[in-house]
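Worksheet for the structure shown next.
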Amino acid sequence: MKKLVIFDLDGTLLNTIEDLGHAANYALEKNGFPTHTIASYRFFVGNGVRRLITRVLPEEHRNEETIDALLRDFQDFYDVHNCDFTKPYDGIPELLADLQDQDIRIAVATNKYQAATETVIGHYFPDVNFIAVEGQRDGVNVKPDPSIVFSILFKARVPKAEVLFVGDSGVDMETARRACVDSAGVTWGFRSEKELVEHYAGTIIHRPMDILELIQ
């Protein structure tokens with residue numbers, strides 16, 4: 001039986017793609033670069049905001065000075081507009097409530113920067129008692145490095161055999177593999193089932209409530 005479920009955030013708990021896309025497009029347009037369709041952003045996200053900005057820039061402009069400028073503009077916009085269009089995926093609030101009722105511990109491990117992570121978690125899940133909410137912070141490697149998972153395990157004091165990591169991308173599956181915990185890839189997020197399989201997802205699930213069967 002699992003005693004701790006660690007969730008990715010963007011693409012797993014919350015559909016954030018529209019707000020992320022609008023913030024990146026704002027930064028691009030402000031600095032004179034072409035923008036992208038919102039739908040295309042599902043292929044740009046997943047490795048932290050700096051990598052997102054790098055990917056959306058034309059290749060010949062991917063220098064540190066330009067990336068830093070766009071990153072500042074992105075964060076200025078996103079800090080104000082990160083809850084405009086974002087919403088939990090269907091079934092997620094009910095799943096989290098059921099996990100809490102069963103005394104299963106819940107945590108978040110995401111590459112979204114920490115301030116924004118705390119904002120959206122507080123806004124959309126005010127009644128969920130997460131034991132840890134770990135986002136991108138200076139000096140801590142982003143996923144698939146398992147450092148933030150290890151931080152959560154230290155706080156939870158739960159053996160790895162009793163942990164399930166849930167995410168929507170190959171990055172998440174690789175994070176779980178490096179942390180030596182079981183993984184579940186979800187198909188309602190930003191990436192394809194093919195990507196999850198190619199990155200050795202422990203299992204594939206199509207509905208949030210399917211997670212309840214995995215923790216037994």
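For segment 17-81, what does the alpha-carbon gyration tensor say about shape, rounded, prolate or oblate, given a ≥ b ≥ c as the root eigenvalues, a/c under 1.5 as rounded, and a/b over b/c as prolate? The shape class here is rounded. With contacts taken as Cα pairs under 8 Å at a separation of at least 6 residues, segment 17-81 carries a relative contact order of 43 percent.
Between the amide H of G11 and those of T16, distances stay under 5 Å, these residues lying 5 or more places away or on another chain, with hydrogens modeled in the peptide plane. The Cα atoms of segment 107-216 give a gyration tensor whose axes a ≥ b ≥ c have a/c under 1.5, which makes the shape rounded.
Between the amide H of D182 and those of V163, F165, distances stay under 5 Å, these residues lying 5 or more places away or on another chain, with hydrogens modeled in the peptide plane.
Taking amide H positions as modeled 1.01 Å from N, with prolines and chain starts lacking one, the residues under 5 Å from Q136 and 5 or more places away or on another chain are K112, Y113, Q114. In the chain, the DSSP-assigned H stretches of four residues or longer account for a calculated mean residue ellipticity at 222 nm of -12500 deg cm²/dmol, using -39500 (n - 2.57) per stretch and the full residue count as denominator. Sparsely packed loop sites in segment 78-143 (the trypsin sites (Lys or Arg not before Pro) outside DSSP H, G, I, E and B with at most 16 other Cβ atoms within 10 Å) comprise R137.
Take every pair of alpha-carbon atoms less than 8 Å apart whose residues are at least six positions apart; their mean separation over the length of the chain yields a relative contact order of 27 percent. Evaluated with a Cβ-only charge set (Lys, Arg +1; Asp, Glu -1), the chain carries a dipole of roughly 560 debye about its Cα centre, given to the nearest 20. Can you tell which of Y26, L153, V171 lies farthest toward the positive end of the dipole of the chain, using +1 and -1 charges on the Cβ of basic and acidic side chains (Lys, Arg; Asp, Glu)? Looking along the dipole axis, the top candidate is L153.
Ordering of 36-47, 204-215, 8-19 by packing is 8-19, 36-47, 204-215, highest average first (other Cβ atoms within 10 Å, averaged per residue). Under a Gaussian network description of the chain, with springs only between Cα atoms under 10 Å, the residue in E64, E118, E134 that fluctuates furthest is E64.
In this rough spin-label picture, where each label sits 7 Å from Cα along the Cβ direction, the S40-T119 distance is 2.5 nm.
Here, each number is a calculation from the coordinates, and none is a lab measurement. Every value quoted in this text rests on a predicted model; they were computed, and no experiment measured them. Counting neighbours? That spans all protein chains shown, and the Cβs are built from the backbone with ideal geometry, glycine included.
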